[in-house]
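Derivation of every value follows stated rules applied to the coordinates shown; laboratory data play no part. Only a predicted model underlies this, so the values are computations on that prediction, with no experimental measurement involved. Note: ideal-geometry Cβ built from the backbone for every residue, glycine included; neighbour counts use all protein chains shown.
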Amino acid sequence: MLEPFSLAGYAIEIQYGSQRIFAQDGERLLDTLLSAGIDHRHICGGRGFCTSCRVEILAGGEGLSPVSPLERERLGADAGRLRLACQAVVRGKVHARVPAPRAARFSPFGDDDVKAHGRAD
Ligand code: FES
């Protein structure tokens, strides 16, 4: 069970070598990942266009800001299960799976997406 580590921050469990990182309340999830040294893709620079920053929410989706209209447009029916790290703001505890950096070792869109982007192995 994840516990807040301070009054202003939250533990975020990231399935990325089973790291647990910490975020400040109101911080963009992308900024949290980058600040933790995770080389997370964000091809469009965090503008919500490319979807390269998507992460899979395993639990605690309510610990993020509500899914934005832009995320619904970009992620379709997967919005909510998937989030754009550049659009999601941390509000509480989250458990998310983050793809390997700059390659699709894991893809929430399936094997075709992995083939399209290559593997990091
Ligand atoms: S960085 Fe492009 S959609 Fe998030």
- For segment 36-77, what does the alpha-carbon gyration tensor say about shape, rounded, prolate or oblate, given a ≥ b ≥ c as the root eigenvalues, a/c under 1.5 as rounded, and a/b over b/c as prolate? oblate
- Taking the Cα-to-Cβ direction at residue 97 and at residue 78 and moving 7 Å from each Cα, how far apart do the two end points lie in nm? 1.1
- Message: Multiplying the sequence separation of residue 22 and residue 44 by 0.36 nm and subtracting their Cα-Cα distance, what value in nm do you get?
- Response: 5.5 nm
- Note on the structure: Phi-derived 3J(HN,Hα) across segment 52-57 with the Karplus relation (6.51, -1.76, 1.60, θ = phi - 60°), rounded Hz, x for Gly and Pro, is 5, 8, 4, 10, 9, 8
- Note on the structure: Shape call for segment 25-99, from the Cα gyration tensor axes a ≥ b ≥ c (a/c under 1.5 means rounded, otherwise prolate when a/b beats b/c, else oblate), comes out rounded
- Item | Contact order normalised by residue count of segment 25-99, Cα under 8 Å, 6+ apart, percent | 44
